[in-house]
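Undergrad: Here's a structure for you.
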Amino acid sequence: MGVTDVVQRQLEAYNARDLERFVAAYGDGIRVFRLPSTQPALTGKAAFTEFYRGRFSVPALHAEILARIVLGNKVIDHERIQRIKEHPIEAVAVYEVAEDLIQTVWFFYPAGG
(Lines give C-alpha, C1' and ligand atoms only; values in the text may rest on other atoms or scores of the structure.)
Protein backbone atom coordinates (compact mmCIF):
# COMPACT_ATOMS: atom_id res chain seq x y z
CA MET A 1 0.00 0.00 0.00
CA GLY A 2 1.35 3.43 -0.90
CA VAL A 3 1.47 6.34 1.52
CA THR A 4 -1.25 8.17 -0.41
CA ASP A 5 -3.54 5.13 -0.21
CA VAL A 6 -3.75 5.20 3.59
CA VAL A 7 -4.22 8.99 3.67
CA GLN A 8 -6.93 8.80 1.01
CA ARG A 9 -8.63 5.96 2.91
CA GLN A 10 -8.82 8.05 6.09
CA LEU A 11 -10.14 11.04 4.11
CA GLU A 12 -12.95 8.97 2.63
CA ALA A 13 -13.83 7.57 6.08
CA TYR A 14 -13.73 11.11 7.53
CA ASN A 15 -16.18 12.37 4.93
CA ALA A 16 -18.44 9.35 5.52
CA ARG A 17 -18.14 9.97 9.30
CA ASP A 18 -17.23 6.29 9.64
CA LEU A 19 -15.29 6.35 12.92
CA GLU A 20 -14.23 2.71 12.88
CA ARG A 21 -12.83 2.88 9.35
CA PHE A 22 -11.25 6.29 10.05
CA VAL A 23 -9.30 5.26 13.16
CA ALA A 24 -8.24 2.00 11.46
CA ALA A 25 -5.94 4.12 9.24
CA TYR A 26 -3.96 5.30 12.30
CA GLY A 27 -1.30 3.60 14.42
CA ASP A 28 -1.90 2.81 18.10
CA GLY A 29 0.62 5.47 19.15
CA ILE A 30 -0.81 8.22 16.93
CA ARG A 31 0.36 11.71 17.84
CA VAL A 32 -1.45 14.79 16.56
CA PHE A 33 0.17 18.21 16.75
CA ARG A 34 -1.55 21.53 16.25
CA LEU A 35 1.33 23.80 15.34
CA PRO A 36 3.03 25.95 16.49
CA SER A 37 2.73 23.88 19.69
CA THR A 38 5.57 21.42 20.17
CA GLN A 39 3.42 19.26 22.47
CA PRO A 40 0.93 16.80 20.98
CA ALA A 41 -2.73 17.82 21.18
CA LEU A 42 -3.68 14.13 21.07
CA THR A 43 -1.63 11.05 21.90
CA GLY A 44 -2.73 7.45 21.49
CA LYS A 45 -5.58 5.83 19.65
CA ALA A 46 -8.05 5.98 22.58
CA ALA A 47 -7.79 9.79 22.92
CA PHE A 48 -7.79 10.15 19.13
CA THR A 49 -10.95 8.03 18.80
CA GLU A 50 -12.81 9.96 21.50
CA PHE A 51 -11.92 13.30 19.93
CA TYR A 52 -13.18 12.24 16.51
CA ARG A 53 -16.29 10.58 17.96
CA GLY A 54 -17.41 14.09 18.92
CA ARG A 55 -16.24 15.63 15.66
CA PHE A 56 -18.16 13.07 13.59
CA SER A 57 -21.44 14.15 15.22
CA VAL A 58 -21.27 17.41 13.22
CA PRO A 59 -23.72 17.04 10.29
CA ALA A 60 -21.91 19.48 7.95
CA LEU A 61 -18.49 17.84 8.45
CA HIS A 62 -16.61 17.46 5.17
CA ALA A 63 -13.00 17.82 4.02
CA GLU A 64 -11.91 18.66 0.49
CA ILE A 65 -8.32 18.33 -0.69
CA LEU A 66 -7.22 21.44 -2.56
CA ALA A 67 -3.66 20.20 -3.18
CA ARG A 68 -1.57 17.16 -2.25
CA ILE A 69 2.20 16.72 -2.17
CA VAL A 70 4.02 13.49 -1.40
CA LEU A 71 7.60 13.48 -0.13
CA GLY A 72 8.92 10.10 0.99
CA ASN A 73 6.64 8.85 3.76
CA LYS A 74 4.97 12.25 4.23
CA VAL A 75 1.71 13.33 2.59
CA ILE A 76 0.99 17.05 2.76
CA ASP A 77 -2.62 18.05 2.14
CA HIS A 78 -4.02 21.54 1.75
CA GLU A 79 -7.55 21.00 3.03
CA ARG A 80 -10.78 22.94 3.14
CA ILE A 81 -12.73 21.72 6.15
CA GLN A 82 -16.44 22.29 6.50
CA ARG A 83 -17.75 22.11 10.05
CA ILE A 84 -20.41 24.80 9.85
CA LYS A 85 -21.99 25.32 6.44
CA GLU A 86 -21.25 29.03 6.21
CA HIS A 87 -17.68 29.00 7.52
CA PRO A 88 -15.21 26.54 5.98
CA ILE A 89 -11.62 26.82 7.13
CA GLU A 90 -8.43 25.91 5.34
CA ALA A 91 -5.59 24.00 6.90
CA VAL A 92 -2.44 22.13 5.98
CA ALA A 93 -2.04 18.61 7.30
CA VAL A 94 1.20 16.66 7.17
CA TYR A 95 0.66 12.92 7.60
CA GLU A 96 3.63 10.68 8.42
CA VAL A 97 3.01 7.09 7.30
CA ALA A 98 4.90 4.00 8.47
CA GLU A 99 3.89 0.35 8.34
CA ASP A 100 0.82 1.28 6.25
CA LEU A 101 -0.63 3.44 9.05
CA ILE A 102 -0.59 7.14 9.85
CA GLN A 103 1.70 7.56 12.85
CA THR A 104 1.94 11.35 13.25
CA VAL A 105 -0.08 14.31 11.98
CA TRP A 106 0.87 17.98 12.10
CA PHE A 107 -1.93 20.51 11.49
CA PHE A 108 -1.31 24.12 10.50
CA TYR A 109 -4.38 26.37 10.84
CA PRO A 110 -4.68 30.02 9.95
CA ALA A 111 -4.90 32.45 12.85
CA GLY A 112 -8.16 31.80 14.67
CA GLY A 113 -8.75 28.48 12.87
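The values are calculated or read from the model by the stated rules, or taken from the named source; none is laboratory data. Keep in mind it's a predicted model, so treat the numbers as computed, not measured. Note: ideal-geometry Cβ built from the backbone for every residue, glycine included; neighbour counts use all protein chains shown. Remember, those area values only see protein heavy atoms, side chains included, never the ligands or the DNA or RNA. Shrake-Rupley method; radii C 1.70, N 1.55, O 1.52, S 1.80 Å.
Undergrad: Which one of LEU66, ILE84, LEU35 is farthest out on the positive end of the charge dipole of the chain, using unit charges on Cβ (Lys, Arg +1; Asp, Glu -1) and the Cα centre as origin?
TA: ILE84
Undergrad: OK, next. With all protein chains present and a 1.4 Å probe, how do VAL7, VAL58 order by accessible area, largest first?
TA: Numbers: VAL7 0, VAL58 40 Å².
In descending accessible area the options line up as VAL58, VAL7.
Undergrad: Given a 1.4 angstrom probe, I'd like the percentage of the accessible area of the chain that is carbon and sulfur, rounded to a whole number.
TA: Working: 3450 of 6180 Å².
Here it works out to 56 percent.
Undergrad: Which value results when the Cα radius of gyration for the chain is divided by 2.2 N^0.38 Å? Can you show the working numbers first?
TA: Working: Rg = 13.1 Å, N = 113, 2.2 N^0.38 = 13.3 Å.
After normalising by residue count via 2.2 N^0.38 Å, the value is 0.99.
Undergrad: Also, I was wondering about something else. In whole angstrom, note down how far apart the Cα centers of segment 1-46 and segment 54-113 are.
TA: 9
Undergrad: With every protein chain left in place, what is the accessible area per residue of the chain in square angstrom, probe 1.4 Å? Could you put the intermediate results ahead of the total?
TA: Working: 6180 Å² over 113 residues.
For the chain, the per-residue accessible area is 55 Å².
Undergrad: May I pose another question? With a 1.4 Å probe and all protein chains in place, put HIS62, HIS87 in order of accessible area, largest first.
TA: Values: HIS62 85, HIS87 125 Å².
Sorted descending by solvent-accessible area, the residues read HIS87, HIS62.
Undergrad: Also, I was wondering about something else. Could you tell me which chymotrypsin sites (Phe, Trp or Tyr not before Pro) in segment 1-82 are loop residues by DSSP with no more than 16 other beta carbons within 10 angstrom of their beta carbon?
TA: Working: sites: TYR14, PHE22, TYR26, PHE33, PHE48, PHE51, TYR52, PHE56; in loops: PHE56.
Answer by residue number: PHE56.
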